[in-house]
Amino acid sequence: MAKLTPEMQELFKSTKYFPLATASKDGEPNVVPVGSVFLMDPETIWIGNQFMDTTLKNVIDNPRASLYVWTQGVKGCLKIKGDVTVMTEGEDYARMKGFVSARKAELKCRSLLILNITEVYECSSGADAGKRLI
C-alpha cells in the first residue's frame, strides 16, 4: 500500500473529473472520465459506477487501474495506480450510494470500485515526468 502525502491529497481534492484507465484481461485499453471519486484516506480511493460497462468488466477480469489527477489552474499532476475491488452490496456500497445521491439525486450508483493505492507517479512535464514518487 502507498500513502498520498498531504500535498498530493490537496491536489486530489482540487480535481473535479478524473480519467480512469483500465485494461481487459487481453490488454485492450479503456479510459473514461469519472466524477464520483472520493479520497477516503491516504491509501484508498472510492469510485462510484453509474455508467461503466467496459470499465467494470475490465476491473473484474483485470483488477488494476490508473487514475489521473490534474486540474487546470492548479500546480501538479499525478498518476495513481492501484488494485481494484468491486462491491455491489454492504455498508461501504450503501455509503457510496449516499455520496452519489448527495451530488446528483437522479444518479443511480450501480457499484463501488475501491482503488487501493499501490504506486504514485509524477506526470507534470519536465525532467521528473514519469518519476515514481511513492
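The values are calculated or read from the model by the stated rules, or taken from the named source; none is laboratory data. These figures come from a predicted structure and were not determined experimentally. Here the Cβ positions follow ideal geometry from the backbone for every residue, glycine too, while neighbour counts run over all protein chains shown.
Within region 84-94, how many residues are under 18 Å from Met1 (Cβ atoms) and either of a type in the set (Val, Ile, Thr) or within 12 Å of the chain's Cα centre (by Cα) (or both)? The number of residues fulfilling the criteria is 2. Once region 98-132 is narrowed to residues that are in contact with a Ser or Thr (Cβ under 8 Å, 6 or more places away or on another chain) and charged (D, E, K, R), the residue that is surrounded by the fewest Cβ atoms within 10 Å (Cβ to Cβ) is Arg103. Candidates are the residues of region 45-70 that are in a strand (DSSP E or B) and of a type outside the set (Gly, Ala, Ser); the one that is nearest to Leu20 (Cα to Cα) is Leu67.
Considering region 68-83, the residues that are at pLDDT 95 or above and out of contact with any helix residue (DSSP H, G or I) (no Cβ under 9 Å at 6 or more places or on another chain) include one that is farthest from Glu7 (Cα to Cα), namely Asp83.
Taking first residues from region 43-56 that are in contact (Cβ under 8 Å) with a residue 40 or more places away in the chain and partners that are outside any loop (DSSP other than H, G, I, E, B) and of a type in the set (Lys, Arg), no Cβ contact under 6 Å between residues at least 6 apart in sequence or on separate chains turns up. Each residue in region 92-108 was checked for being over 16 Å from Ile45 (Cα atoms) and either assigned to a loop (DSSP other than H, G, I, E, B) or not small (Gly, Ala, Ser) (or both), and 6 pass. Take region 28-38 and flag every residue that is surrounded by fewer than 18 Cβ atoms within 10 Å (Cβ to Cβ) and at pLDDT 95 or above. Residues satisfying the conditions are Glu28, Pro29, Asn30, Val31, Val32, Pro33, Phe38. Within region 2-27, if we keep just the residues that are under 15 Å from the mean Cα position of the chain (by Cα), at pLDDT 95 or above and of a type in the set (Gly, Ala, Ser), the residue that is farthest from Lys81 (Cα to Cα) turns out to be Ala23.
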